[in-house]
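Asker: Encoded as structure tokens, here's the structure I'll be asking about.
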Amino acid sequence: MLKRFCQYNLRIVALGVFSWSALLSSALFAENQRFAQVSPEYTLLFPRDYGAHPDFRIEWWYVTGWLETTDNQELGFQVTFFRTATGYHSDNPSRFAPKQLIIAHAALSDPALGRLIYDEKTMRSGFGLAYAREGNTDVKLDNWYLLRESDGRYVTEIHAENFAFNLSLMPTQAILLQGENGFSRKGPEINQASYYYSEPQLKVLGKVVHRGKTLEVRGHAWLDHEWSSEILDRRAEGWDWVSVNLNDGSSLMVFQIRSKTGGKLWANATRRDAKGRVTYFRSDQVEFSPKRTWKSPHTKAVYPVEMRVRVGDTEWRLVPLLDDQELDARSSTRAVYWEGAVTVFQDRRRVGRGYLELTGYVQPLKL
Amino acid sequence: MKVLALSCWLLVGEWRARFMQISVVIMAIALGVALGFAIHLVIDAAFNEFSAASKNLSGQSDFQVYGKQRYFDESVYPELAKYEGVDLANPVLEFTVSVPAEYRGEGDHPLKILGIDMFRAADMSLDLLGISVDDQQMDGLSDDAIFLSPAAMEWLRVKPGDMLQLNVGTQPLVLRIAGGVTRARVGQRVAVMDIGAAQWRFNYLGVLSRVDLKLGVGIHRAAFKEKLEQDLGEYFYVAEIADQETRVASMSRAYRVNLNMLSLVALFTGSFLVFSTQALSITRRQGQFALLRVLGFTQQQLLRQIIIEGIALGVIGSLVGLLLGYGLAELVIQLFDGDLGSSFFPSIQPSLHFDLYAGLFYFVIGLSVTVFGSMLPARSMLRMNPTEGLKSGNVNRAIERISMPWLAVICLIIAIFLVQLPSIDELPVFGYLAIALLLIGGIGLMPYLVAKFFTFVLCSITGIFGYERLHTTTMMALVRLANIPGQASIALSGVLVSFSLMVAMAIMVLSFRISVSDWLEHVLPADFYVRAADSGVAGGFERDEQKAINELSEFLRVDFLRYQQLVLDPERPEITLIARHVDMSDVRKTLPIVGEIIASDQWSGNERPVWVSEAMVDLYGYTVGKQIMIPLGGALYPFVVAGIWRDYGRQFGAIQIQLSDYQQLSDDWSVNTAALWMQSNITVNDANTALQQLTFGNTLEIMQSKAIRDNSLKIFDRSFAVTYLLEMIAVVIGLLGVAASFSAQMLARTSEFGMLRHIGVTRSQILVLLTTESCLLTVLGVVLGFVLGWSISLILIFIINPQSFHWTMQLYMPWGWLMLIAGIMLVSASVTALIAGRSAISGNAVRAVREDW
């Protein structure tokens, strides 16, 4: 959902390296009318809305999932492609004009390694080297890409510094529109919202190149596509978000936005059962309660890696695949957050697998 | 142990007795070493800083792709990014803009701007990236922001947040200074901005200046390079960082080597001083040595003693020299930024590092020069029978043995042979060797020449006047010089070396200066030169502006010039392409042609002429009549070399073509400069006003050709300031040598003067005798020095300059200056002789003579 946009430190990036996160944060809060605004009236239309919406300031396609190798080892993976409009160079005829930036993040969680490995890439769109095309999910950044093929199958290929993967993600269910028909509110104000749909229960097949070996993998994944021009409330500190592919074929998405003063600023959840019935939950029906914390040896931040999540009258327990799924890219992009594969239990029964994202635990959101 | 004690005792005794002379020798060595070391340190520091700054600009890549013209079409960038084996392609647009006139200064240095894609550049570990201030991270991508290095901010007197006013062609452009630049070198003036913004704002749409490539793991570099070169075609170069380093090094190499050579001259002069002082000292101590031999000292022990003396002198002199040199280098860098007035290393602030190896090198040179200077006279001396040495009057026999006219002649012959040889690796190695041999040969021949000359003078004078009518003192002086030429020539060697070097440099510099001045007259025939800032790839004047200038009634004639930079060899600096109208019926009038040209009537219709500078002949092997390919507007076109012209302005080469050919082939109708000839009834002020009143008048840079000429000559003089300084120091060392050897001689001749006084010669007569002697000697030294210096100047002008800098010049003689220096030499030599003589004859005549018995 909101992903990791806002919690990053916005201090001067003394390194010359550009901080995409800072860019995105400033974008999220900018009240710039040059960008298209979300409206509850809008009806999502496919295949058009699979593709990019360059009039909106930010957009992302976000895939998380669990993989299993042929020798039954479990791996978590995450790949995200962002598109952001800079708002600059609107009249610039140069083909290098950075009107749109494409950013990609990829991570692999391997229990055998005991931690998460990660890589990222940023480029301006142009020259056919980096783009987010309209009309269909077709995002590319050099040799990293995510493409939705005509049969609805997604293919993605990532060549990170320490790993690579090439996965095909086959939908097994219909698209899940989040919020009110794809209009997903993120705060008390009506314009604090995004367009948001998910593709849960994707069947994954593919290859992972990791630790010098090429592994055949299969598994399940979840795709989110979301776009907007401004989302977050200024009082927000961070958020907790989880998506789960349940074993019975149903799916669950829950998030809460935490206030700087502590407590819940806004929350929301969507559940779709195996038969396709969708239930939406309001802010007051959602509750996150930490069960076990983990203190990061890298950043000293304390994350509630084990959570109890209550949605309506149902309760789930989230247990991480491994504790150290903190993504610490402060040396380059200054991004620090926890994003990891979790197993979902209900009454000690393992009922599904998902991904949990915890942001805003290192430094409070700073503007 | 006893021998050592004796050795120390002898050493200390000798030094105590000749404190002044020893000090002079040490000073000469120290000065020579100091100069050499200081110059080396300064230019090394400047060069290193310059290379580091260039490396900063080029980043760290496996390969760089660039075109034969400075800018090429950007469409090659995506091809390269997707090319097999390429991990990362980083597009760069590098260009310069001229800054507002008030910051421009004499050197006319423009501001270098790097247009970069920060995401690519950061992955390529490019050193220069913008640093935003005030949380404005977006500035790195902003379309109106520019980042300046600290030195550039200081230079343009701006700070972050200020606006920077520049010109693009005849249009003004204002950019916001958004912050600083990472890892800019101290003193490096450079700006960074987004590549898309740069292309747009500075009118470079659609072009790049290079693409840096980083290869994937395990890619075979050589094979990759070969394939890429083939696929890109001959318009592109694929270069490695090492090539870039070669290119940077080759820009200043000739200058650095020549300056180092020049600095060694001082040391060389110093070595003659050591030689003459030590020779005289040994002569004077002949009795002492003979006594030591009789007492049981072996030849070897004596030689060792003299060598120890030499080593002691050399060590002290060289150490003092190194310290002095370091201090001097520090001072020069503080005061002049290490540029030494040459403009080879513009706008950098080098920092000095104590270069241990260079220090050792100069120390060893200083030491060996001293030891050699001590050993040479000692060896011949010691071959004598000690009993002979005990007798007085044998002083001169020893020196005579040093004189080896045949060896000197061989040196001269080899020198003549060497000047015929070409340069090695573009350095005039043989030229410098020839100069050294000329000096050695000249000095070796001195005793012989002195004897022959004065015998001849004596014979002819006595033949004409008879002994009776000749003045006694003149007579005595001549007889002495004719018969004891050894001592005389030793005294002269210092004068000879320093004077000849000075003559050589003076002739060379004057010839150069007059040639440059004539050349400036020739290449700047118009009254006004008007320039506009570049408008991206295009020159500043488009057709509208050209029309407006053409329509000015104040001017009789207007010529337009188009300048471009080309790369014809990736290992060499860029050359300049000048497109202008050349009158085919009278090419020599437009261009300073040297040698043959292909006249217009020999020209077939479809051939296009180019005229190339002398450097193109040396560096690229162009000859008249040769067909060459020139990159224009993204393609290569054939041209024929129609003539060769002299160019002092662009050492790395320049090519002139017809403006009409250029425009037809490149479809580029813009120009950079307009040359304007005033109507005869118009004043300079009116012309100036007319230009300023053009609609784009306030963006123009208007220069009168006289001002350009004066400015060029000023820069010329400044770049030779170091040369003058080195020359002066060589002269001072030479004069010190004269003083030292004269005073040594006077002391040695104390008994001779005593004897003279016993036979009735008065003190004043002796002084006259001494002055006459030294005058006659100096005159001969000056004449010989002139001949030698003139020969050396010919080598400098006709061998070393063309081989180093690829330009020729005419010979001009600075007679007035030469006369002045000759006069100074003559007077100072005579005065020194007089002063030394006075102290020598001040003692009691009887006591002076008694020494002999």
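The values are calculated or read from the model by the stated rules, or taken from the named source; none is laboratory data. Being a predicted model, the structure only gives us computed values, none of them experimental. For neighbour counting, all protein chains shown are included, and Cβ atoms are generated from backbone atoms with ideal geometry for every residue, glycine included.
Asker: I need the full set of residues from the range B:212-238 which are crowded, with 17+ Cβ neighbours inside 10 Å and either closer than 27 Å to B:PHE430 by Cβ or not hydrophobic (A, V, I, L, M, F, W, C) (or both), in order please.
Answerer: Answer for the range B:212-238, where residues must be crowded, with 17+ Cβ neighbours inside 10 Å and either closer than 27 Å to B:PHE430 by Cβ or not hydrophobic (A, V, I, L, M, F, W, C) (or both): B:ASP212, B:LYS214, B:LYS225, B:TYR237.
Asker: Now for a different question. Between a first residue in the range B:754-767 that is closer than 17 Å to B:THR474 by Cβ and a second residue that is part of a loop (DSSP other than H, G, I, E, B), which pairs have beta carbons less than 7 Å apart while being 6 or more apart in sequence or on different chains?
Answerer: B:ILE766/B:ILE841
Asker: Give the residue that is farthest from the other protein chains (Cβ to nearest Cβ), with candidates limited to residues of the range A:112-161 that are among the polar types (S, T, N, Q), in contact with a strand residue (DSSP E or B) (Cβ under 8 Å, 6 or more places away or on another chain) and free of Cβ contacts under 8 Å to residues at least 60 places away in the same chain.
Answerer: A:SER125
Asker: Does A:ASN166 qualify as being at pLDDT 90 or above, surrounded by fewer than 22 Cβ atoms within 10 Å (Cβ to Cβ), away from chain B (no Cβ under 13 Å) and touching a helix residue (DSSP H, G or I) at 6+ places or on another chain (Cβ under 6 Å)?
Answerer: So A:ASN166 does not fit the description; no.
Asker: Within the range B:426-438, track down each residue that is hydrophobic (A, V, I, L, M, F, W, C) and farther than 11 Å from B:ILE795 by Cβ.
Answerer: Selection gives B:LEU427, B:VAL429.
Asker: If you don't mind, there's one more thing I want to ask. Does B:ASP355 fit the bill of being surrounded by 15 or more Cβ atoms within 10 Å (Cβ to Cβ), modelled with pLDDT under 85 and under 13 Å from B:HIS40 (Cα atoms)? Break it down into steps so the answer makes sense when it comes.
Answerer: Details: surrounded by 15 or more Cβ atoms within 10 Å (Cβ to Cβ): yes; modelled with pLDDT under 85: yes; under 13 Å from B:HIS40 (Cα atoms): yes.
Yes: the conditions hold for B:ASP355.
Asker: Which one is nearest to the other protein chains (Cβ to nearest Cβ), of the residues in the range B:36-90 that are assigned to a helix (DSSP H, G or I) and of a type in the set (Phe, Trp, Tyr)?
Answerer: B:TYR77
Asker: Moving to a separate point now. Which of the numbered conditions does A:PHE345 fail, given that it passes all the others? Conditions: (1) over 21 Å from the mean Cα position of the chain (by Cα); (2) in contact (Cβ under 8 Å) with a residue 24 or more places away in the chain; (3) not in a strand (DSSP E or B).
Answerer: The single condition A:PHE345 does not satisfy is (3).
Asker: Shifting gears a bit: Of all residues in the range A:55-93, how many are touching a strand residue (DSSP E or B) at 6+ places or on another chain (Cβ under 9 Å), within 14 Å of chain B (Cβ to nearest Cβ) and in a loop (DSSP other than H, G, I, E, B)?
Answerer: Result for the range A:55-93: 4.
The rows are residues; the columns are (1) surrounded by 22 or more Cβ atoms within 10 Å (Cβ to Cβ); (2) more than 30 Å from B:ARG531 (Cβ to Cβ); (3) touching a residue at least 12 places away in the same chain (Cβ under 8 Å).
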{"position": "B:VAL33", "(1), (2), (3)": "yes, yes, yes"}
{"position": "B:HIS40", "(1), (2), (3)": "yes, yes, yes"}
{"position": "B:PHE50", "(1), (2), (3)": "yes, no, yes"}
{"position": "B:ASP62", "(1), (2), (3)": "no, yes, yes"}
{"position": "B:THR96", "(1), (2), (3)": "no, no, yes"}
{"position": "B:TYR103", "(1), (2), (3)": "no, no, yes"}
{"position": "B:HIS109", "(1), (2), (3)": "no, no, yes"}
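Asker: Another one. Across the range B:145-171, what is the number of residues that are within 17 Å of B:THR96 (Cβ to Cβ), part of a strand (DSSP E or B) and modelled with pLDDT of 90 or more?
Answerer: 4
Asker: Could I ask something else about it? Looking at the range B:138-153, I want the residues that are in the same structural domain as B:ARG176 (by TED's automatic domain parsing) and have a partner that is among the acidic types (Asp, Glu) with Cβ atoms under 6 Å, at least 6 apart or on another chain. Which pairs are those?
Answerer: B:LEU141/B:ASP194; B:ALA145/B:ASP139
Asker: Here's another thing I want to ask about it. Answer with yes or no whether A:LEU45 is more than 14 Å from chain B (Cβ to nearest Cβ), of a type outside the set (S, T, N, Q) and within 20 Å of A:GLY182 (Cα to Cα).
Answerer: So A:LEU45 passes the test.
Asker: Show the residue pairs that are 6+ apart or on different chains and have beta-carbon atoms under 8 Å apart, the first residue being within the range B:172-188 and outside any strand (DSSP E or B), the second being among the β-branched types (Val, Ile, Thr).
Answerer: B:THR182/B:ILE131; B:ALA184/B:VAL190; B:ARG185/B:ILE348; B:GLY187/B:ILE348; B:GLN188/B:ILE348
Asker: Moving on. Within the range B:116-144, track down each residue that is at pLDDT 90 or above and more than 8 Å from chain A (Cβ to nearest Cβ).
Answerer: Passing the criteria: only B:ILE116.
Asker: Out of A:GLY128, A:GLY76, A:GLY114, A:GLY51, which single residue is within 30 Å of A:GLY340 (Cβ to Cβ) and surrounded by fewer than 16 Cβ atoms within 10 Å (Cβ to Cβ)?
Answerer: Testing whether each residue is within 30 Å of A:GLY340 (Cβ to Cβ) and surrounded by fewer than 16 Cβ atoms within 10 Å (Cβ to Cβ) leaves just A:GLY114.
Each row is one residue, and each column tells you yes or no for (1) small (Gly, Ala, Ser); (2) closer than 28 Å to A:ARG95 by Cα; (3) within 14 Å of chain A (Cβ to nearest Cβ); (4) surrounded by fewer than 18 Cβ atoms within 10 Å (Cβ to Cβ).
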position	(1), (2), (3), (4)
B:GLY187	yes, no, no, no
B:MET193	no, yes, yes, no
B:TRP200	no, yes, yes, no
B:GLU240	no, yes, no, yes
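Asker: Only one of (1) in contact (Cβ under 8 Å) with a residue 24 or more places away in the chain; (2) within 14 Å of chain A (Cβ to nearest Cβ) fails for B:GLN165. Which number is that?
Answerer: Unmet for B:GLN165, out of (1) in contact (Cβ under 8 Å) with a residue 24 or more places away in the chain; (2) within 14 Å of chain A (Cβ to nearest Cβ): (2).
Asker: Suppose we filter the range A:231-257 for residues that are at pLDDT below 90 and in contact with a strand residue (DSSP E or B) (Cβ under 9 Å, 6 or more places away or on another chain); how many remain?
Answerer: 8
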